[in-house]
Structures are given as structure tokens and as C-alpha cells.
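*Asks:* Input: one structure, supplied below.
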Amino acid sequence: MEYRRSQKIYSQGDPATSVMYIQRGGVKLSVVNEVGKEAVLAILGPGDFFGEGIIADQSVRMGTTTAITPTTVLVIEKNEMIRMLHAEHAFSDRFLSYMLARNIRIEEDLTDQLFNSSEKRLARTLLLLARYGKEDQPQKILPKVSQEMLAEMIGTTRSRVSFFMNKFRKLGFIRYNGGIQVHNSLLTAVLHE
């Protein structure tokens, strides 16, 4: 399936019938509470799965997914996904490895939220969005991500994100040029803090 920028892939509360695999582009995973406050849980990119809760018999979508750039998604219906997990051992190994890595990432996100300053959380989020530490080459320019979305992801205000982004820019860690460019020096600064 092809999705244009800002197009919803599925909404919170929709029936869950398939697992998705991002072939190209990027997806924002978010949830909204009863009073309408949105929290961005993740930004996913090529090679990432989402909607995998159906394998554990999740009948409705727990969040909303939205394309943040033009995105191509492989849709795998529940029965086909289960069949592939049983029959295709290489696929099963890849999926299991992905799910374990995602679980580790969620634990790291929680630890980050509990123990790190909003400045350090922002730096980590920028590095994750730039895909530093992934097997493929990191993206130099991030997909369109607003300061408001970054604030939702790290649990702070947009004005704090703006302050830290300006600080990172002045220190040469990032550059704005039609998008946010993240430099390796940001990683060094985070590790040595």
C-alpha cells in the first residue's frame, strides 16, 4: 500500500486485522487519551514492523499510525503472518529478532524518560530518528519532524525543544537545511555527558 505524507494508515480503535512492514518512508505511532492529548510513542522507518499486536489476539488498534513522508507499507493479513512465522524460518528469526530489539528499545525509552534530562532525551531521540546504530547507513537528514512532535516524544514543551535545538545548532551537533541534519558529534556529546 502507498500512503502520502500525513495520511492515516489506521486509527486508534480500528479493528486489527494485519501486521505492517515499512518498505519505504516513515510512520508515526501515537495514542490519544480521553481528553484528546496525543503522545507520540515511536517514529518507525524502513525495515520496521507495526500492528503486530494481532498475533497476540489484539482485536483493536491501540494507537494511530500516520505516514510522515510518502510511505510504502507491505500489509500482511493475520493468517498469512502466522503461516509465515511457522513455515518460513528465516522470516520467523528476523521477526523475533526485530521484536526483541523493539522490546529492548522500549525499556531504554522508559529508562531514558525516568532518569535523563529533557536535553539528553532530545539528543537521544534525534540520534534514533537518524537511525544511528542501525546496520544500514544513518540518515543524514531526518524526515519532517516538527518541534511539537519532538516535544511529545520526549515529554517536554515545544519551547524547551526549540531552546535545545538552537543550542545543538550553535554547538554544531545539528544543522537545519530543508530538514534536520544530525552530526556524529551529537552522539559523542551524549555519551560523554
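*Asks:* Taking into account only those residues within region 134-162 that are in contact with a helix residue (DSSP H, G or I) (Cβ under 9 Å, 6 or more places away or on another chain) and open to solvent by 100 Å² or more (accessible area, probe 1.4 Å), which is modelled with the lowest pLDDT?
*Replies:* Among them, the one singled out is GLU148.
*Asks:* Which of (1) over 23 Å from ARG158 (Cβ atoms); (2) open to solvent by less than 20 Å² (accessible area, probe 1.4 Å); (3) in a strand (DSSP E or B) does MET81 not meet, given it meets every other one?
*Replies:* Result: MET81 fails condition (3) only.
*Asks:* Which pairs turn up if I take residues in region 170-181 that are within 14 Å of SER146 (Cα to Cα) and aliphatic (A, V, I, L, M) and look for partners that are modelled with pLDDT of 85 or more and surrounded by 11 or more Cβ atoms within 10 Å (Cβ to Cβ) with beta carbon separation below 6 Å, at least 6 apart in sequence or on another chain?
*Replies:* From residues that are within 14 Å of SER146 (Cα to Cα) and aliphatic (A, V, I, L, M), the pairs are ILE180/ILE174.
*Asks:* Any residue that is touching a strand residue (DSSP E or B) at 6+ places or on another chain (Cβ under 9 Å), in contact (Cβ under 8 Å) with a residue 24 or more places away in the chain, on the phi < 0 side of the Ramachandran plot and among the charged types (D, E, K, R) - is there at least one of those in region 118-132?
*Replies:* No: region 118-132 contains no residue that is touching a strand residue (DSSP E or B) at 6+ places or on another chain (Cβ under 9 Å), in contact (Cβ under 8 Å) with a residue 24 or more places away in the chain, on the phi < 0 side of the Ramachandran plot and among the charged types (D, E, K, R).
*Asks:* So GLY26 ticks every box in (1) surrounded by fewer than 18 Cβ atoms within 10 Å (Cβ to Cβ); (2) touching a residue at least 60 places away in the same chain (Cβ under 8 Å) but one. Which box is left unticked?
*Replies:* (1)
The values are calculated or read from the model by the stated rules, or taken from the named source; none is laboratory data. Since the structure is predicted, the reported quantities are computational estimates derived from the model, not experimental observations. Methodologically, a virtual Cβ is constructed for each residue, glycine included, from the backbone with ideal geometry; neighbour enumeration extends over all protein chains shown. Ligands, DNA and RNA are stripped out before the accessible areas are found, and what is left, the full protein with its side chains, is counted by its heavy atoms. Shrake-Rupley method; radii C 1.70, N 1.55, O 1.52, S 1.80 Å.
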